[in-house]
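One structure is given here, and the rest of the page talks about it.
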Amino acid sequence: MPGIGARLRQARLKAGLTQQKLAGDRYTKAYVSALENGLVNPSMVALEYLASRLGTSASQLIADDRVGWSRLEADLLLASGQWQAAVDAYSAILSGAVDPISRADILRGAAEAMTRLDRGEEAVTMATEAVGLYEALGREADAALASYWLAAALHHQDNVDDARAVLHALLAKVRAGLRVEPEFELRLLMALSTTEAREGSHEAALSYDEEIRGRADSLDDRQRATYLFDLSLSHRERGDYEAALRTGYASLALFDAARVEVDMASLQNEVALSHLATGSAVRAEELAASARSTFERLGDQRLLAHVFGTQAQIRAEGGEFEAALELARQSLELAELTGNQVAAVNALLTTARVQASLGHEAEAHGAFEKAVELARRLSRPSVMRRALTEWADHLAGAGDHRAAFELTREALGA
C-alpha cells in the first residue's frame with residue numbers, strides 16, 4: 001500500500017493543486033516535495049493543515065502508517081492527563097523494536113503515567129532503565145527528568161529516603177549549572193515539600209513552600225520560551241526537523257504551563273494539610289480552595305478527589321460534620337470514578353472519624369472496615385499503616401482492646 005507521501009501526492013493531484021499552492025503561507029514547496037518523496041516525516045500539525053487544504057483528514061493520509069504515529073499519540077494522551085491510555089500506548093510501542101533514544105523517551109513517559117496512576121513499582125523499573133539509557137547516551141538533562149519521575153515513583157513505594165536522596169542530588173546538579181527546564185528547580189522544591197508534608201515534617205514542608213512562592217513569582221514567559229527554543233535546537237542538531245518544528249508550536253508551550261499549574265495546585269493541597277496539622281485551618285482552606293479552583297477549571301477529577309478529601313478534613317476539624325461528610329462523599333465518588341484508591345481510603349477514614357464524632361458507631365465501623373479493606377489491596381505500606389492505626393485507636397477508645405491490638409500488630413508488620 002502507498003505511504004503517506006504517495007497518498008499526499010495523490011490527494012494533491014486529485015485536488016488540482018501545485019506543491020506551492022498546497023504549501024500555502026505556512027510551508028514551502030520544497031517541504032511539500034520532501035514529504036511526497038518520503039525524505040521527511042510530517043508532524044500531526046502539518047498533516048492536519050495540509051489535509052484541510054486537500055479536503056480530507058489527517059487520519060486518511062496516515063492510513064496504514066498508523067503505527068508510526070503511536071508515539072506522538074501516546075505523548076498527547078500523557079499531556080492531556082489520560083494516564084491509563086498513555087500507558088497502553090507506550091506499552092504497545094515498547095513491544096516492538098525501537099532505538100535507544102526513543103526507548104528512553106518512551107520509558108520516561110510511561111514512568112510518569114504509571115506514577116500518576118499510583119503504580120510505583122512499575123514506574124520505578126521504567127524510570128530506572130530510562131535514566132540508565134540517557135546517562136549512557138550522555139543526555140544529562142533528559143536523565144534528570146527521568147530521575148525526577150524515579151523519585152516520584154520511589155515515594156509512591158514509600159521508599160522516602162531514596163526518593164529524597166534522588167531529589168537532593170538533582171537539586172545540587174541544577175544549582176551547579178545543569179540546564180533542564182526553566183521551572184525544573186521549582187518542581188524539585190515542590191516535590192521535596194510534598195515529601196516532607198506527607199511524612200509529617202510540616203515545618204520543613206512550610207520552609208520549602210516559602211522558597212517556592214518566591215521562585216514561582218519570578219518565573220516568566222521568556223524563560224519558558226528559552227527552554228522551548230533550546231529544545232528545538234537540540235532536535236534540529238540531531239536531524240529531527242519535524243520534532244524541532246513541533247517543539248516551537250504553542251501547544252507544547254501551553255502544555256508546559258499546564259504541567260506547572262497542576263504541580264502547583266497539587267502542592268497547594270499538600271501544604272494545606274501541613275497548615276491544618278499545625279492548627280492554621282484558615283490558611284489551609286485558602287490553599288485547598290485555590291487548588292480546587294485549578295482542578296475544576298482543568299477538569300482533573302482524579303486530583304480533585306484529593307482536594308475534596310482535604311476540605312472534608314478541614315471541615316471535620318472545625319466541627320462542621322455534615323459539610324465534612326458531604327465533601328468526603330464527593331471525594332469518594334470521584335476517587336472511585338478515576339481509580340484513585342489513595343483518595344478513596346482518605347475519604348473513608350474521614351467519614352469514619354466524623355461518624356464516630358457524631359456517635360454513629362455502626363456507620364463509623366463500616367467506613368473503617370471499607371478503608372482498611374481497600375488499603376490492604378494497595379501497594380502503599382504507609383497508607384495501610386495509617387488506616388489500620390486509625391481504626392485501632394478508635395477501637396481502643398471504644399474499649400475493644402483485643403481487636404485494637406490485632407490491628408496494631410498488623411500495622412507494625414506493614
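The values are calculated or read from the model by the stated rules, or taken from the named source; none is laboratory data. None of these values were measured; they are calculated from a predicted model. As a convention, Cβ positions derive from the backbone with ideal geometry for all residues, glycine included, and neighbour counts pool all protein chains shown.
Here are the numbers for this structure:
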read-out	value
Restricting segment 104-151 to residues that are outside any helix (DSSP H, G or I) and aliphatic (A, V, I, L, M), the residue that is surrounded by the most Cβ atoms within 10 Å (Cβ to Cβ)	117
Total residues in segment 152-164, condition within 24 Å of residue 82 (Cα to Cα) and not in a helix (DSSP H, G or I)	1
Residue pairs meeting the criteria (Cβ under 6 Å; at least 6 apart or on separate chains; first under 16 Å from residue 375 (Cβ atoms), in segment 322-344; second outside any loop (DSSP other than H, G, I, E, B) and of a type in the set (Phe, Trp, Tyr))	331/308
Residue 98, sole failed condition from (1) part of a helix (DSSP H, G or I); (2) farther than 26 Å from residue 341 by Cα; (3) of a type outside the set (Phe, Trp, Tyr)	(1)
Close pairs from segment 4-28: first closer than 15 Å to residue 57 by Cβ, partner surrounded by 14 or more Cβ atoms within 10 Å (Cβ to Cβ) and β-branched (Val, Ile, Thr), Cβ under 6 Å, at least 6 apart	11/56
Criterion (assigned to a helix (DSSP H, G or I) and surrounded by 15 or more Cβ atoms within 10 Å (Cβ to Cβ)) met by exactly one of 385, 376, 409, 402	385
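Residues checked against (1) closer than 25 Å to residue 98 by Cβ; (2) touching an Asp or Glu at 6+ places or on another chain (Cβ under 6 Å); (3) at pLDDT 75 or above:
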| position | (1), (2), (3) |
| --- | --- |
| 11 | no, no, yes |
| 19 | no, no, yes |
| 38 | yes, no, no |
| 43 | yes, yes, no |
| 51 | no, no, yes |
| 57 | no, no, yes |
| 62 | yes, no, no |
| 65 | yes, no, no |
